[in-house]
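A.B. asks: Below: one structure in structure tokens.
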Amino acid sequence: MTVLDIRDLSLSIGSTPILKKVSLSVASGEILGLVGESGSGKSMTSLAILGLTPPRATMTGEISLNAQLISGASDAALQKVRGRDVGIIFQEPMTALNPVMTIGDQVAETVRLHKKTSRKEALAVARAVLDRVGLPAERFPLGRFPHELSGGQRQRVAIAIAIALTPKLLIADEATTALDVTTQAQVLELLKRLVREDGMGLILITHDLAVVAETADRVAVMKDGELVEEGDTRRIFTGMTHPYSQRLLANAVHAPSRQAAVQHDAAPVLQVEGLVREYAGGRPLFGKPKAFRAVDDVSLTIQPGESVGLVGESGCGKSTLLRAILALETPQAGRVLVKGRDITAARGAALKAIRRDIQVVFQDPYGSFDPRWTVARLVAENFHLLDTQPSPTEARRRVDQMLEQVGLPASAGDKYPHEFSGGQRQRIAIARALITDPAVIALDEAVSALDVSIRAQILDLLADLSSRLGLAYLFVTHDLTVVRAVTDRLLVMQAGRIVEQGDTAAVFAAPSHPYTQKLLAATPDLARNIGALDAAHKETVR
Amino acid sequence: MTDAPALPAARSRAPWPLSLIVGGALTAIVVVTALIAFVWTPYEVEAVNIAAKLTAPSSAHPFGTDHFGRDVLSMIMVGAQNSLAVALVAVGIGAGIGVPLGLTAAARGGWVDELVMRGNDLVFAFPALLLAVMITAVFGPGAINAIIAIGLFNIPVFTRVARGAAMGLWTREYVLAARTAGKSKTLISVQHILPNLMSLLVVQAAIQFAVGIVAEAGLSYVGLGAQPPMPSWGRMLAEAQTMIGFAPWLAIMPGLAIFVTVLGLSLSGDGLRDLFDPRVRRER
């Protein structure tokens with residue numbers, strides 16, 4: 001039975017077309033994966049279903065839910081549909097819940113908005129729904145507040161709100177993107193179970209092809225507001241026909257060709273020895289305050305030209321470790337040697353000299369630049385590390401040269417960061433890191449916020465720079481796919497400690513620590529899924 | 001480059017907020033009046049003309065005359081100089097000391113932050129007027145001491161605003177990047193933090209300017225501001241008090257001057273905030 005039917009949906013804001021003749025349908029009990037890069041119109045499609053399009057948008061086409069036309073309905077009519085017939089889960093579990101309302105009240109609120117029930121009855125429904133999403137009464141009473149829950153638990157509450165009235169259609173808009181892989185796997189499992197039990201239709205909106213391959217029954221690929229390809233998951237992943245979907249898939253599994261020039265015999269460029277970073281905890285009424293060890297006795301080495309991955313889930317201490325390595329935080333114990341010089345002990349000119357050799361590229365291509373500075377000034381900021389400042393013309397010449405090296409026109413220097421796309425900004429960040437000719441660059445989730453095609457380009461650029469300049473990289477990330485594609489060696493971090501390390505290929509082939517095994521099993525693996533889909537496909541053909 | 005095309009610079013000229021236009025116009029009237037008073041006033045401010053005492057507003061004296069026959073319009077024009085100067089310098093003192101203190105507190109953290117903020121609380125704990133009375137009681141009344149008193153009260157206001165906003169900026173990645181560029185906290189405060197909270201400080205300055213006008217009038221009212229014969233809005237109000245029954249213009253005119261100035265500055269502050277805040281701008 002068809003739950004949702006969209007026919008020729010077009011939407012434009014002002015004179016800009018956002019969606020172009022999109023036609024989609026979802027059957028009950030079916031999971032439709034809606035994939036595409038940012039700006040492809042995935043989220044706008046889901047907002048159109050809910051009638052939550054921006055005020056100035058004009059829409060044509062038909063949307064029917066359960067064979068009932070809902071496009072063009074009044075807002076009052078749509079309000080009844082939202083929450084009752086269609087539930088939605090958003091990406092950010094931190095902001096999707098009201099921080100001053102208990103979780104029980106938030107679930108009960110949805111129930112009472114649509115059904116005439118007493119508060120007591122609504123709370124009983126809330127209790128039952130929270131049980132269903134895996135938040136049992138003994139550990140998660142209704143009186144809990146959102147801040148007392150982890151990200152994954154909050155997302156479960158958001159799911160509970162969405163399914164409280166057993167809607168016919170559930171929309172999950174990047175609902176697992178912000179979660180750790182193990183949590184993501186659990187939430188996806190939960191969604192699959194709920195679809196099976198309630199027979200609702202699920203639209204799984206995501207940019208992650210691996211998640212779709214693992215979860216969806218059918219896949220729709222969007223690009224620039226158009227639906228370019230749609231079909232059975234098995235067929236899509238084994239025989240994509242549209243060039244864009246083929247490219248998307250290729251980019252998702254892209255591994256840059258790297259001429260590994262690791263100098264194993266040379267002196268290491270980075271050595272971390274027994275590093276400890278503690279934070280003062282809350283002071284109890286009596287006794288000494290308890291310290292929290294974010295980084296617990298960590299040691300690692302990186303050789304010239306080597307690319308090392310540091311993986312772990314949020315809160316494992318990898319960011320703290322990175323900040324300590326960059327001397328942005330002072331460790332309680334241990335040393336960090338950059339080309340043999342201790343950065344933790346250095347001050348003044350000596351520290352500047354060490355900083356020249358270790359630079360960083362941050363995650364957020366939007367937050368890592370002062371919005372009031374021109375690109376040339378931003379890239380030139382690291383000249384501050386030099387003993388003698390280059391003349392303005394010389395500095396500009398070197399900045400322009402560097403911008404060209406990272407694939408940007410030299411004219412980029414006169415513009416401001418907001419004039420560039422996310423991928424271009426990440427190139428600017430790389431240029432800024434490279435300008436002092438460092439030996440090692442730390443990349444803090446540097447490609448996590450990028451679309452797959454742009455991520456592939458940035459990874460290529462990094463590989464190219466590494467082979468040309470003999471750079472060493474420290475990839476700090478939660479994304480195992482990236483690490484697998486670009487690193488020589490892998491370090492797995494859990495609760496402040498490095499629990500496993502070894503050659504990337506070897507660790508992926510045979511993880512020895514239980515945590516690594518868990519992490520690898522939870523990671524949606526596109527190649528593995530395609531292999532499985534392929535085998536199943538052959539099975540059916542035979 | 002096959003990257004997605006960058007968004008065009010989304011800086012389409014949004015219309016100026018109405019509050020800024022109205023507030024700016026009112027403020028401009030007051031400022032221009034104060035400037036004109038330097039070269040021309042309808043009558044000599046100190047010219048006593050007992051024959052024309054307490055005349056109601058007329059074509060000869062648009063704002064009327066007081067009990068010495070002095071022209072109220074001329075006094076208000078010269079009084080504007082006094083009010084604006086006191087409030088402006090007081091804002092300057094507040095921002096000049098408060099902002100660096102706030103930036104330092106945010107940059108250093110720890111005991112420096114603690115010291116600055118507790119010092120702030122101490123100043124805040126005294127009502128502004130009481131503080132001013134204390135200062136003028138010790139150093140004697142006068143325009144200079146009024147400036148110091150109001151300026152002192154402004155310091156914690158600017159410290160708080162600067163510190164709060166700067167704390168948020170210190171966690172930004174571009175500040176971390178500046179630190180890996182080996183820049184000192186002071187240099188980062190000057191190069192990255194201060195320019196990014198300038199808009200906030202300008203808004204606060206407009207509001208404190210308005211507060212300063214009222215505070216100056218209050219001090220003059222109780223006789224602790226500018227001393228006679230220098231005209232002052234606050235003292236004009238005080239002197240009008242006993243004559244309000246038969247010469248209401250003596251109270252209404254300076255009251256109106258204060259009202260217009262404060263309204264103009266407050267509206268400007270609101271308007272500037274709207275102008276700088278992209279969220280408000282989009283909704284308009």
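A.B. asks: Going residue by residue through the stretch A:308-321, is there one that turns out to be at pLDDT below 95, within 14 Å of chain B (Cβ to nearest Cβ) and surrounded by fewer than 20 Cβ atoms within 10 Å (Cβ to Cβ)?
C.D. replies: Scanning the stretch A:308-321, I find at least one residue that is at pLDDT below 95, within 14 Å of chain B (Cβ to nearest Cβ) and surrounded by fewer than 20 Cβ atoms within 10 Å (Cβ to Cβ), so the answer is yes.
A.B. asks: I would also like to ask the following. Just checking, which of A:D173, A:D198 is touching a Phe, Trp or Tyr at 6+ places or on another chain (Cβ under 6 Å) and in contact (Cβ under 8 Å) with a residue 24 or more places away in the chain?
C.D. replies: Criteria check complete, one pass: A:D173.
A.B. asks: What number of residues within the stretch B:126-146 are surrounded by fewer than 15 Cβ atoms within 10 Å (Cβ to Cβ), under 21 Å from the mean Cα position of the chain (by Cα) and over 13 Å from B:G225 (Cβ atoms)?
C.D. replies: Of the residues in that region, 3 qualify.
A.B. asks: For B:A181, are the conditions met, namely being over 26 Å from the mean Cα position of the chain (by Cα) and closer than 27 Å to A:L326 by Cβ?
C.D. replies: yes
A.B. asks: Sticking with this one: B:W170 fails exactly one of the following numbered conditions: (1) of a type in the set (F, W, Y); (2) within 14 Å of chain A (Cβ to nearest Cβ); (3) in contact with a Gly (Cβ under 8 Å, 6 or more places away or on another chain). What is the number of that condition?
C.D. replies: (3)
A.B. asks: May I ask you to verify whether A:T95 is surrounded by 15 or more Cβ atoms within 10 Å (Cβ to Cβ) and under 14 Å from A:Q153 (Cα atoms)?
C.D. replies: Considered against the rule, which asks whether it is surrounded by 15 or more Cβ atoms within 10 Å (Cβ to Cβ) and under 14 Å from A:Q153 (Cα atoms), A:T95 comes out as no.
Conditions tested, residue by residue: (1) under 25 Å from B:L265 (Cβ atoms); (2) part of a helix (DSSP H, G or I).
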| position | (1), (2) |
| --- | --- |
| B:W16 | yes, no |
| B:L26 | yes, yes |
| B:I36 | yes, yes |
| B:E46 | no, no |
| B:P57 | no, no |
| B:A60 | no, no |
| B:F68 | no, no |
| B:G94 | yes, yes |
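A.B. asks: Right, A:V360: of a type outside the set (K, R), under 33 Å from the mean Cα position of the chain (by Cα) and more than 11 Å from chain B (Cβ to nearest Cβ) or not?
C.D. replies: Answer is no for this residue.
A.B. asks: Looking at A:W373 and the list (1) more than 9 Å from chain B (Cβ to nearest Cβ); (2) out of contact with any Ser or Thr (no Cβ under 7 Å at 6 or more places or on another chain), which single condition is not satisfied?
C.D. replies: (1)
A.B. asks: Still on this structure, I have one more. In the set A:L459, A:L469, which member is under 19 Å from the mean Cα position of the chain (by Cα) and either closer than 30 Å to A:D180 by Cβ or not charged (D, E, K, R) (or both)?
C.D. replies: A:L459
A.B. asks: Moving on. Looking for whichever is assigned to a helix (DSSP H, G or I), in contact with a Leu (Cβ under 9 Å, 6 or more places away or on another chain), within 11 Å of chain A (Cβ to nearest Cβ) and touching a residue at least 60 places away in the same chain (Cβ under 8 Å) here; the options are B:L176, B:L201, B:L194. Which one fits?
C.D. replies: After ruling out the rest, the residue left standing is B:L194.
A.B. asks: Next question. Which of the numbered conditions does A:A485 fail, given that it passes all the others? Conditions: (1) among the small types (G, A, S); (2) within 22 Å of A:A446 (Cβ to Cβ); (3) part of a strand (DSSP E or B).
C.D. replies: (3)
A.B. asks: Look at A:Q389 and say whether it is polar (S, T, N, Q) and either modelled with pLDDT of 95 or more or over 26 Å from the mean Cα position of the chain (by Cα) (or both).
C.D. replies: Yes; evaluated as a whole, the condition is true for this residue.
A.B. asks: Okay, moving on. Out of the residues in the stretch A:370-391 meeting the condition of being of a type in the set (G, A, S) and buried (at least 17 other Cβ atoms within 10 Å of the Cβ), tell me which one is nearest to A:R355 (Cα to Cα).
C.D. replies: A:A380
A.B. asks: Tell me the helices (runs of 4 or more DSSP H) entirely within the stretch A:178-275 that contain at least 1 residues that are of a type in the set (V, I, T) and either on the phi < 0 side of the Ramachandran plot or surrounded by fewer than 19 Cβ atoms within 10 Å (Cβ to Cβ) (or both).
C.D. replies: Correct list: A:181-198, A:209-215, A:233-238.
A.B. asks: Quickly run through the stretch A:417-455 and pick out the residues that are within 11 Å of chain B (Cβ to nearest Cβ), out of contact with any strand residue (DSSP E or B) (no Cβ under 6 Å at 6 or more places or on another chain), of a type in the set (G, A, S) and surrounded by 22 or more Cβ atoms within 10 Å (Cβ to Cβ).
C.D. replies: A:G423, the sole residue that qualifies.
A.B. asks: Follow-up question, since we're still on this one. If we scan the stretch A:485-498, do we find a residue that is free of Cβ contacts under 8 Å to residues at least 60 places away in the same chain and at negative phi?
C.D. replies: No, the stretch A:485-498 has no match at all.
A.B. asks: With respect to A:G340, determine if the residue is out of contact with any Asp or Glu (no Cβ under 7 Å at 6 or more places or on another chain) and touching a residue at least 40 places away in the same chain (Cβ under 8 Å).
C.D. replies: Yes, satisfied.
A.B. asks: Determine, yes or no, whether B:S232 is in contact with a Leu (Cβ under 6 Å, 6 or more places away or on another chain) and crowded, with 22+ Cβ neighbours inside 10 Å.
C.D. replies: In short, no.
A.B. asks: A further question on this structure: Is it true that A:S10 is in contact with a Gly (Cβ under 7 Å, 6 or more places away or on another chain) and at pLDDT 90 or above?
C.D. replies: For A:S10, the condition - in contact with a Gly (Cβ under 7 Å, 6 or more places away or on another chain) and at pLDDT 90 or above - is met.
A.B. asks: Within the stretch A:1-67, which strands (runs of 3 or more DSSP E) (wholly inside it) include 2 or more residues that are under 29 Å from the mean Cα position of the chain (by Cα)?
C.D. replies: By residue number, A:2-13, A:16-27, A:31-35.
A.B. asks: Now for a separate question. Would you point out which residue out of B:A95, B:A80 is crowded, with 23+ Cβ neighbours inside 10 Å and closer than 16 Å to B:P254 by Cα?
C.D. replies: One residue alone meets the criteria, B:A80.
A.B. asks: Check A:A324, A:A353, A:A346 and return the single one that is without any contact (Cβ under 8 Å) to a residue 40 or more places away in the chain, within 14 Å of chain B (Cβ to nearest Cβ) and part of a helix (DSSP H, G or I).
C.D. replies: Just a single option satisfies the conditions, and that option is A:A353.
A.B. asks: Being over 12 Å from B:A143 (Cα atoms) and part of a loop (DSSP other than H, G, I, E, B) is the filter here; which residues of the stretch B:230-253 pass it?
C.D. replies: B:I244, B:G245, B:F246, B:A247, B:P248
A.B. asks: Residue check: is A:L310 among the hydrophobic types (A, V, I, L, M, F, W, C), over 30 Å from A:K518 (Cα atoms) and part of a strand (DSSP E or B)?
C.D. replies: Criteria not met by A:L310.
Listed here are the residues, each with its yes/no results for (1) closer than 29 Å to A:G423 by Cβ; (2) of a type in the set (G, A, S); (3) in contact (Cβ under 8 Å) with a residue 12 or more places away in the chain.
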site: A:S10; (1), (2), (3): yes, yes, yes
site: A:I13; (1), (2), (3): yes, no, yes
site: A:I18; (1), (2), (3): yes, no, yes
site: A:S23; (1), (2), (3): no, yes, yes
site: A:I31; (1), (2), (3): no, no, yes
site: A:G39; (1), (2), (3): yes, yes, yes
site: A:K42; (1), (2), (3): yes, no, yes
site: A:G51; (1), (2), (3): no, yes, yes
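The values are calculated or read from the model by the stated rules, or taken from the named source; none is laboratory data. This is a predicted model, so every value here is computed, not measured. Using ideal geometry, Cβ is built from the backbone for each residue, glycine included, and neighbour counts are taken over all protein chains shown.
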